[in-house]
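A short write-up of the structure that comes next.
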Amino acid sequence: MRIITLVKKYFSYVILLLSLFGQTDTAYSQCPTVTNATQSFCDTQSPTIADLQATNNGGGIKWYATASSTTALLSSAALQNGEDYFADDNTGTCGTRQSTVVTIYSAPLADPFQGPCVENLNDATLQDFVAIGNNIQWYSASSGGSPLPLTTVIVNGTIYYASQTNPDTGCETSRRPVRAVVGYVPTPTGDPIQNFCNVSGSPPTVADLVASGNNNWYLNSFSSVPLSLATTLINGHTYYATTIDPPCESTNRFAVLVNVYQPNNAGTNGQKGICADQIASTAPFDLFNELGGTPDNTGVWTGPIATTNGFQGTLDVSTMTLAGSPYVFTYTVSNPSCANATRTVTITINPLPVVTVTSPTVCSNTPATVSTSVNPAGTYTYVWTVPPGVTNPGNVSS
């Protein structure tokens with residue numbers, strides 16, 4: 001019995017020693033301990049399997065792609081963002097493997113073309129850029145240099161670079177390029193009062209309005225739908241312009257008051273004849289009344305003799321002579337937008353005719369040939385003048 005007892009004790013010691021030191025690596029190694037179930041890095045570190053952290057409990061550390069895979073990963077293999085990795089000892093058979101999930105922080109997310117819409121180029125700063133990440137920093141180069149202040153004024157067309165920081169380790173990622181696309185849309189400028197002519201068949205439209213830059217035009221200061229360029233302008237209405245640089249549009253609007261004028265109308269030409277012997281007895285008269293049609297009363301008269309009373313063109317003919325005839329006076333109507341219109345009134349001083357009777361004697365009821373020193377076309381009436389005591393034969397028509 002004593003021998004049997006001693007054998008049992010010896011066997012127990014052997015088993016204890018084997019359990020402490022391991023008879024083979026396969027059966028008795030200690031599994032490594034993974035204390036951090038999530039491990040993070042920056043893409044700039046180019047992390048590999050060798051960068052994974054676990055506590056070596058005596059049997060070494062090997063990493064596997066799954067909880068049951070039999071081929072250990074190379075220490076130089078690159079880590080993959082979002083993947084989980086499993087720790088085992090050098091034998092790969094220590095038991096249940098503990099895992100860790102890897103997060104690799106890379107350049108922040110950002111649209112490659114960004115920029116604000118501004119009415120003043122100095123208002124466009126780095127604060128207007130949007131990047132998604134942790135502790136975003138902006139640079140003027142893809143590597144090196146110091147972070148730019150967020151108050152830095154951005155220059156249209158320039159590329160800026162954004163990085164983020166790993167919140168767990170404090171490392172900094174690679175940088176995301178963003179090209180500045182600044183929409184410069186200042187408030188338009190121009191003439192606040194614009195005049196147009198309503199030419200028949202071609203009335204002025206919104207397309208005729210003028211303001212600086214590329215514009216949208218609106219019916220009022222708050223409407224949101226731009227007017228068609230073919231929209232006919234309304235006399236006395238105020239229209240509003242913005243500057244556009246799609247997708248940007250200026251916030252403030254430029255107001256333009258529109259005046260639409262009708263075409264100038266000077267009437268039709270007129271003429272008036274005055275006998276030479278009636279010049280002295282002819283009272284001043286208005287040339288405006290000698291025009292035909294319906295002339296505008298906004299014109300001015302010009303001619304060889306000055307007139308009075310503005311558009312009426314009151315004319316004193318007392319200085320006219322037969323030698324100076326004809327006298328041509330021009331009436332001109334103008335406004336800021338329509339073409340000038342001109343018409344004339346011609347004043348002719350007519351000479352007194354000299355009558356000649358070819359027959360030496362003219363008896364009552366006897367035909368006679370009568371001629372004058374002037375021979376204009378048309379029919380004239382002659383009045384006979386006879387000596388006292390001779391019966392007046394009356395009127396004779398040529």
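The values are calculated or read from the model by the stated rules, or taken from the named source; none is laboratory data. These figures come from a predicted structure and were not determined experimentally. Here the Cβ positions follow ideal geometry from the backbone for every residue, glycine too, while neighbour counts run over all protein chains shown.
Listing for the model above:
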quantity	calculated
All positions within the stretch 155-196 that are under 18 Å from Gln45 (Cβ atoms) and among the β-branched types (Val, Ile, Thr)	Thr165, Thr169, Thr173
Residue identified as modelled with pLDDT of 85 or more, under 17 Å from Thr100 (Cα atoms) and surrounded by 13 or more Cβ atoms within 10 Å (Cβ to Cβ) among Ala78, Ala87	Ala87
Candidates Pro188, Pro167, Pro147 - the one that is buried (at least 19 other Cβ atoms within 10 Å of the Cβ) and part of a loop (DSSP other than H, G, I, E, B)	Pro188
Residue within the stretch 191-198 that is over 26 Å from the mean Cα position of the chain (by Cα) and either in the same structural domain as Leu229 (by TED's automatic domain parsing) or under 30 Å from Tyr218 (Cβ atoms) (or both) present	yes
Residue selected from the stretch 270-316 under the condition among the acidic types (Asp, Glu) and over 53 Å from the mean Cα position of the chain (by Cα), by the criterion surrounded by the fewest Cβ atoms within 10 Å (Cβ to Cβ)	Asp277
Strands (runs of 3 or more DSSP E) lying entirely in the stretch 241-312 (those with 2 or more residues that are touching a residue at least 60 places away in the same chain (Cβ under 8 Å) and over 21 Å from Leu229 (Cα atoms))	270-275
Filter result (at pLDDT 95 or above and either exposed (fewer than 13 other Cβ atoms within 10 Å of the Cβ) or of a type in the set (S, T, N, Q) (or both)) within the stretch 231-250	Thr231, Thr232, Ile234, Asn235, Gly236, Thr238, Thr242, Thr243, Ser250
Test set (1) closer than 30 Å to Gly183 by Cα; (2) touching a Leu at 6+ places or on another chain (Cβ under 6 Å); (3) among the β-branched types (Val, Ile, Thr) - Ile349 fails condition number	(1)
Conditions (1) in contact with a Ser or Thr (Cβ under 9 Å, 6 or more places away or on another chain); (2) at pLDDT 95 or above: number failed by Asn309	(1)
Yes/no for Val317 being part of a strand (DSSP E or B) and not assigned by TED's automatic domain parsing to the domain that holds Pro204	no
Residue that is farthest from the chain's Cα centre (by Cα), among those in the stretch 118-137 that are crowded, with 19+ Cβ neighbours inside 10 Å and assigned to a strand (DSSP E or B)	Gln137
Per-region count, the stretch 106-117, residues within 25 Å of Ile244 (Cα to Cα) and in a strand (DSSP E or B)	3
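Here is a yes/no grid of residues against (1) acidic (Asp, Glu); (2) at pLDDT 60 or above; (3) in contact with a helix residue (DSSP H, G or I) (Cβ under 9 Å, 6 or more places away or on another chain):
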site: Phe285; (1), (2), (3): no, yes, no
site: Asn289; (1), (2), (3): no, yes, yes
site: Ser318; (1), (2), (3): no, yes, no
site: Val355; (1), (2), (3): no, yes, no
site: Pro393; (1), (2), (3): no, no, no
